[in-house]
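Enquirer: Below are the structure tokens for one structure; questions will follow.
The values are calculated or read from the model by the stated rules, or taken from the named source; none is laboratory data. The shown structure was predicted, so the numbers you read here are calculated from the model rather than taken from an experiment. Every residue, glycine as well, gets a Cβ built from its backbone with ideal geometry; the counts of neighbours run over all protein chains shown. Surface areas here come from the heavy atoms of the whole protein model, side chains and all, with no ligands, DNA or RNA. Shrake-Rupley method; radii C 1.70, N 1.55, O 1.52, S 1.80 Å.
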Amino acid sequence: MTIRTGLNHLFIPGPTNLPETVRQAMNVPMQDMRAPDYGAFVLPLFERLKRLFRTASGRIILFPGSGTAAWEAAITNTLSPGDRVLMSRFGQFSTLWVQMAERLGLNVEVIDVPWGAGVPVEEYARRLRQDRRGDIRAVFVTHNETATGVTSDVAAVRRAIDAAGHPALLFVDGVSSIGSIDFRMDDWGVDLAVTGSQKGLMLPAGLGILGVSERALAASRTATMRRAYFEFADQLAMNETGYFPYTPPTQLLHGLARSLDRIEAEGLDNVIARHRVLAEGVRRAVRAWGLELVAESPALWSDTVSAIRTPADVDAREVIRIAYERYNCSFGTGLARLAGKVFRIGHLGDLNAGMCLTAIAIAELALNAAGARLRFGTGVAAAQEWYAGAAAPGLALAAE
Ligand SMILES: *Cc1c(COP(=O)(O)O)cnc(C)c1O
């Protein structure tokens, strides 16, 4: 048995670190999910998640499963085989979403843009204007492309849809943004938003969470794609009183309640601001190293994950291996076409400046051991300068 002493420094963009209080909150005996008082425990969770999604008029639906299950539920409940949908591909997650849509029998119109760019708003606008008959049933946006560290402008897509006077539904993958990057379901007219429990919500994987607008609910009543387990109507009927048609992951729901306590105590706006400040420290370190982010421009920088290009002669897989084996530190790998060229620092969830400095310091060690010639401390110092000057809300301990 290999003994790995100390903490495993977990800097992947999900699963993220669990606050100890959240982990403890899940350490409860099994419960009767049909008990008379169980509904009273569950009901407030829906209201609180609505506030996290920033929706007043939408509904929250929970399925046991990861974020990908929520994608599938979103599609199968609201669309019909052969429906035309508009999607774009600019990283591994948006690519997988396209793949799923194709497998489920949608007629997918895909726009490929370079990995590092964001959602092609102008091209979306053009295609929506051209579609005078309103054939396109839904427009998909990956809000935060976790593979490339790119955050796209969802509000701009909504404006493009409205400017074209187009009736398409707006679907958003918010798996690595909701609860950490500004996301506004109602203000942006999002019809279906999906997330998973293991990213901004600081929980284990296992809950797929959907925000469903009234329009999407109306669409679900006529959509003919087959679904059984993932049927919205079955969930909603039981959810009215705080129950589920099938066994819910009760421990996860206790963790969720505790996690929402923390987010609400810190304040969602402060949580978002904290992510921005922490991310900026990492970005300044990257700049000090003379390395590049995959994200093409500052407007696209993600506050939850930085995808960093290694120098041409340095294999990013080596950086990740060395960080793990020598320093007990996990960085995200370069996915698909970015393999070997990119490593990612996940900076979301239960995180503070000291943790980010640890990630930066270990990245310097691993980058150097893998052959990059960086001066030790350059990235750390750049981040320290930033953190020292940043009067960031939430960087101090938030009261629980
Ligand atoms: C993590 C992630 C997913 C996939 O979620 P799973 O929970 O692994 O199924 C989808 N989209 C984005 C943007 C993600 O970051």
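Here's the yes/no breakdown for (1) among the acidic types (D, E); (2) in the same structural domain as G149 (by TED's automatic domain parsing); (3) open to solvent by 40 Å² or more (accessible area, probe 1.4 Å):
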residue	(1), (2), (3)
L256	no, yes, no
E292	yes, no, yes
A295	no, no, no
P298	no, no, yes
R317	no, no, yes
R326	no, no, yes
F331	no, no, no
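Enquirer: Separate question: Report whether or not G149 is within 11 Å of the ligand (Cβ to nearest atom) and either out of contact with any Leu (no Cβ under 9 Å at 6 or more places or on another chain) or at pLDDT 95 or above (or both).
Expert: So G149 passes the test.
Enquirer: Which of the residues spanning segment 1-21 are more than 27 Å from G149 (Cα to Cα) and in contact (Cβ under 8 Å) with a residue 60 or more places away in the chain?
Expert: Listed by number, the residues that qualify are R4, T5, G6, T21.
Enquirer: Before we move on, is A299 of a type in the set (A, V, I, L, M) and either out of contact with any helix residue (DSSP H, G or I) (no Cβ under 9 Å at 6 or more places or on another chain) or under 22 Å from M202 (Cβ atoms) (or both)?
Expert: Spelling it out, A299 is indeed of a type in the set (A, V, I, L, M) and either out of contact with any helix residue (DSSP H, G or I) (no Cβ under 9 Å at 6 or more places or on another chain) or under 22 Å from M202 (Cβ atoms) (or both).
Enquirer: Could you pull out the residue among R84, R59, R51 that is within 18 Å of A138 (Cα to Cα), basic (K, R), touching a residue at least 12 places away in the same chain (Cβ under 8 Å) and open to solvent by 10 Å² or more (accessible area, probe 1.4 Å)?
Expert: Criteria check complete, one pass: R84.
Enquirer: So, one more: Conditions first: (1) more than 11 Å from the ligand (Cβ to nearest atom); (2) within 15 Å of I60 (Cα to Cα). V175 passes all but one, so which condition is the exception?
Expert: (1)
Enquirer: Suppose we keep only residues that are among the small types (G, A, S) and in a helix (DSSP H, G or I) within segment 274-290. Which one would you say is surrounded by the most Cβ atoms within 10 Å (Cβ to Cβ)?
Expert: Step by step, filter segment 274-290, then rank; the result is A285.
Enquirer: Can you confirm whether segment 89-108 contains a residue that is under 13 Å from S152 (Cα atoms), at pLDDT 95 or above and of a type in the set (S, T, N, Q)?
Expert: Scanning segment 89-108 turns up at least one residue that is under 13 Å from S152 (Cα atoms), at pLDDT 95 or above and of a type in the set (S, T, N, Q).
Enquirer: Every residue in segment 181-200 that is within 11 Å of the ligand (Cβ to nearest atom) and open to solvent by less than 10 Å² (accessible area, probe 1.4 Å), please.
Expert: Correct list: V194, T195, G196, S197, G200.
Enquirer: Hey, can you tell me all the residues within segment 139-160 that are closer than 11 Å to S302 by Cα and either among the polar types (S, T, N, Q) or not assigned by TED's automatic domain parsing to the domain that holds V121 (or both)?
Expert: Residues satisfying the conditions are N144, T146, T148, T151, S152.
Enquirer: For a quick check of your reading of the model, give me the residue pairs whose first member lies in segment 283-301 and is within 21 Å of A381 (Cα to Cα), whose second is open to solvent by 60 Å² or more (accessible area, probe 1.4 Å) and assigned to a helix (DSSP H, G or I), with beta-carbon atoms closer than 7 Å and at least 6 apart or on different chains.
Expert: The qualifying pairs are R284/W386.
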